Ligand code: NAP
């Protein structure tokens, strides 16, 4: 019988300059031996409702969602998974019967890359969609105190998702928070330009020597923050494994099968491999 919908998947965001998602999902469809074409679908904010009407009209089986739509899309959906509801941001759409549902696979993609977090004090930088997923994942992985540093301060966000820590701004004295932190997560977009860092070398020098500096940015693979942290002798990690993990979870939402991360990793261009 002919399919009632096109095997078309894609990423809704704007702009969509350098996305790796089409490569990752093409590799996953080939590995799973399933039909499926995954496209970058740039959609400016004023056309998001039209795009979702199109998703419904064609009953497109699966979409990812990225900046700037992760929160704005919520009212256009029929429901959310419990984790997407708790985080308040969506990066994956799938169908549950006739309902178009929003999920958040950034959460699991990040959580799975963490070391044992019990009782580790953490500083999270940023208060956007990715920071929300990070805070929820750290809480679920039973991290110790979680402090949040954001441009405009975000005490409500911290109280909602990971209560107990300090909410600060980048202009505050961060030394007391950094001195006890064994993980710093950059969930801001600072560093995507390859030139700026959300923390200075002097601030990184306040971290204990066994701290891990984790930047969610994966392009460039070594951000200025990670370069400064490595100079100080700290362990570093970029956002590549989180990217692969969230893609694997999304693919499994749509197809019921989960591709190994190595299958996705093999689809990356050589200059995107972890340093
Ligand atoms: P977002 O919702 O737009 O949030 C961006 C955050 O960065 C906001 O908190 C924003 O502050 C902050 N910010 C921007 N410019 C800043 C500056 N000059 N100084 C201080 N803070 C600044 O984006 P997102 O979805 O959370 O993504 C954040 C980063 O995570 C991006 O680099 C993205 O590529 C990365 N990410 C990676 C993965 C992965 O799989 N590895 C997944 C998701 C996201 P305001 O709130 O004050 O505007």
Which of (1) assigned to a helix (DSSP H, G or I); (2) over 16 Å from residue 265 (Cβ atoms); (3) out of contact with any strand residue (DSSP E or B) (no Cβ under 9 Å at 6 or more places or on another chain) does residue 18 not meet, given it meets every other one? (1)
Between residues in region 236-261 that are closer than 17 Å to residue 226 by Cα and residues that are part of a strand (DSSP E or B) and within 16 Å of the ligand (Cβ to nearest atom), which pairs lie under 7 Å by C-beta distance while being six or more apart or on different chains? 236/213; 237/212; 237/214; 238/215; 239/215
Quick check on region 150-168. Is at least one of its residues closer than 21 Å to residue 217 by Cβ and at pLDDT below 95? yes
Yes or no: region 95-104 includes at least one residue that is within 13 Å of the chain's Cα centre (by Cα), more than 26 Å from residue 190 (Cβ to Cβ) and in contact (Cβ under 8 Å) with a residue 40 or more places away in the chain. yes
So, of the residues in region 98-129 that are out of contact with any strand residue (DSSP E or B) (no Cβ under 9 Å at 6 or more places or on another chain) and closer than 24 Å to residue 204 by Cα, which turns out to be farthest from the ligand (Cβ to nearest atom)? 116
Would you list the helices (runs of 4 or more DSSP H) that sit entirely within region 68-157 and hold 2 or more residues that are under 24 Å from residue 241 (Cα atoms) and out of contact with any helix residue (DSSP H, G or I) (no Cβ under 7 Å at 6 or more places or on another chain)? 82-87, 129-140
Do we find a residue being under 19 Å from the mean Cα position of the chain (by Cα), free of Cβ contacts under 8 Å to residues at least 40 places away in the same chain and surrounded by fewer than 18 Cβ atoms within 10 Å (Cβ to Cβ) anywhere in region 110-117? no
Given the options 39, 76, 63, name the one that is under 28 Å from residue 271 (Cα atoms), at pLDDT 95 or above and either surrounded by 17 or more Cβ atoms within 10 Å (Cβ to Cβ) or within 17 Å of the chain's Cα centre (by Cα) (or both). 63
For region 149-166, enumerate the residues that are crowded, with 19+ Cβ neighbours inside 10 Å and near the ligand (Cβ under 9 Å from one of its atoms). 149, 150, 154
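The values are calculated or read from the model by the stated rules, or taken from the named source; none is laboratory data. Quick caveat: nothing in here was measured; it's all calculated off a predicted structure. Reconstructed Cβ throughout: ideal geometry from the backbone, glycine too, with neighbour counts over all protein chains shown.
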